[in-house]
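Peer 1: Let me give you the structure first, and then I'll get to my questions.
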Amino acid sequence: MLTSDRELKKKYNVQWIPKIKMRLKELEIADSLEELRDGPGHWHPLTGNLAPMWAGEVSGNFRMLISPGTDGVAAEVTAVTVEKIGDYH
C-alpha cells in the first residue's frame, strides 16, 4: 500500500505524501534505527504503551509509527514494520 501513489492519495492528505515518501526512503537507506535519530525525520523511540515503537515526523502531530523487526537495540535493528501513519498524541 505505501508504495503506490494512488493508494497514498486515497488514504492521506496529498500535501503529506512527499514527507511520507521521504520517511520511507530514510527507512530504506538507514543501516539501523540509531542512524535515524539525528536525521530530518526527527525519529525517536516511543515510551509507555507505545514502546518499543519509534515515530518519525510527517506534519504537525502526524507521525509514521514503526515497530522494530527484532527486540534488539536500535543500533542493531535492520528491519521494521510501518504500524500506523497518523496522530498518536
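The values are calculated or read from the model by the stated rules, or taken from the named source; none is laboratory data. Keep in mind that this is a model prediction, so the values were computed, not measured. With ideal geometry, Cβ positions are generated from the backbone for all residues, glycine too; neighbour counts draw on all protein chains shown. Each accessible area value is taken on the protein alone, full model and side chains, heavy atoms only, with ligands, DNA and RNA left out. Shrake-Rupley method; radii C 1.70, N 1.55, O 1.52, S 1.80 Å.
Peer 1: Step by step: first the residues of region 5-15, then only those that are within 14 Å of Gly60 (Cβ to Cβ) and open to solvent by less than 70 Å² (accessible area, probe 1.4 Å), then the one that is modelled with the lowest pLDDT. Which residue is that?
Peer 2: Asn13
Peer 1: Restricting to region 43-77, give me the number of residues that are touching a helix residue (DSSP H, G or I) at 6+ places or on another chain (Cβ under 9 Å), closer than 23 Å to Thr3 by Cα, not aromatic (Phe, Trp, Tyr) and not in a strand (DSSP E or B).
Peer 2: Residues flagged as touching a helix residue (DSSP H, G or I) at 6+ places or on another chain (Cβ under 9 Å), closer than 23 Å to Thr3 by Cα, not aromatic (Phe, Trp, Tyr) and not in a strand (DSSP E or B) within region 43-77 amount to 1.
Peer 1: Further question: Taking the conditions exactly as written (over 14 Å from Thr81 (Cα atoms), touching a residue at least 40 places away in the same chain (Cβ under 8 Å) and not in a helix (DSSP H, G or I)), does Asp31 satisfy them or not?
Peer 2: The answer is yes for Asp31.
Peer 1: Separate question: Find all pairs meeting these conditions: Cβ atoms under 8 angstrom apart; at least six residues apart or on different chains; first residue within region 75-89 and touching a residue at least 60 places away in the same chain (Cβ under 8 Å); second residue open to solvent by less than 90 Å² (accessible area, probe 1.4 Å) and part of a loop (DSSP other than H, G, I, E, B).
Peer 2: Sorted first by the residue in region 75-89, then by its partner, the pairs are Val82/Leu2; Ile85/Tyr12.
Peer 1: Within region 16-24, is even one residue in a loop (DSSP other than H, G, I, E, B), at pLDDT 90 or above, among the hydrophobic types (A, V, I, L, M, F, W, C) and out of contact with any Gly (no Cβ under 8 Å at 6 or more places or on another chain)?
Peer 2: No.
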